[in-house]
1. What per residue convex hull volume, in Å³, do the alpha-carbon atoms of region A:10-65 yield?
2. Mind checking the mean number of beta-carbon atoms from other chains within 10 Å of the Cβ atoms in A:98-105?
3. Relative contact order for chain A: what is it in percent, counting Cα pairs under 8 Å that are at least 6 residues apart?
4. Work out, in µm²/s and without decimals, the Stokes-Einstein translational diffusion coefficient of the protein assembly as shown at 20 °C, 1.002 mPa s, Rh from Kirkwood over C-alpha pairs.
5. In percent, how large is the relative contact order of chain B, given Cα pairs closer than 8 Å and 6 or more residues apart?
6. Rounded, prolate or oblate for region B:61-106? Axes are the square roots of the Cα gyration tensor eigenvalues, ordered a ≥ b ≥ c, and the cut-off for rounded is a/c under 1.5.
7. Obtain the radius of gyration and the Kirkwood radius of region A:54-112 from its C-alpha atoms and give Rg over Rh.
8. Which of the peptides A:66-76, A:84-94, A:33-43 is most tightly packed, and how do the rest follow, judged by the mean count of other Cβ atoms within 10 Å per residue?
């Protein structure tokens, strides 16, 4: 069955430090992969998506993600975290007809 | 441009009452999704429509839940009767089928007491 694993429930990063959030997927075909961000009390905002082609994908707010087929991973990165990045981050895979399966999320805390 | 609009944003209701959640998708989008978010189960797809037709409702938890899309600009998710375990955030989302980007509303926060 298709699934997404985000192994880190919480991550704390100092402001200005780099960030990497892990995502592993299980899907038989070439996956369509997404990262969404959810701020407290808000809906989900798309950060970036991977469909095909270049395995390094650029998104909004300075985020990027790299698709690694050999590792079944789609990790999210940002070189320098800002306090406003504190939120919950969800990785998702499209299992067909835009039916998204989400990971359990990683809550990012940013310390001063 | 208006995004996906959901109402009510917050609702507190008593067990046994009927709850109706409403959604207006982005104009021009032909796919609509209802998701539920809970601490225990995370984000789950309940049902999705394409061109106003329900395509997959396998995620609807039980017969107490029903969803309709009478036209391209409106959908409802109804719970009758509601139970405390239905307390969750319900998200509506919409997309263009071939566009591969799904846009989410801000959610309806439901508490059943």
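Read-outs throughout are calculated quantities, based only on the coordinates presented, and are distinct from any laboratory measurement. Treat the numbers as computed from the prediction; the structure is a model and nothing was measured. Note that each Cβ is placed from the backbone with ideal geometry, even for glycine, and that neighbours are counted across all protein chains shown.
1. Roughly 118 Å³ of hull volume per residue.
2. Values: counts 15, 8, 7, 4, 6, 2, 4, 3.
Partner Cβ neighbours, averaged per residue: 6.
3. Normalised by residue count, the contact order of chain A is 38 percent.
4. This corresponds to a translational diffusion coefficient of 118 µm²/s.
5. So the answer I get is 37 percent.
6. prolate
7. Numbers: Rg = 13.0 Å, Rh = 13.1 Å.
On the Cα set of region A:54-112, Rg over Rh gives 1.00.
8. On the way: A:66-76: 15.8, A:84-94: 20.6, A:33-43: 18.9.
With the highest mean Cβ count within 10 Å placed first, the list reads A:84-94, A:33-43, A:66-76.
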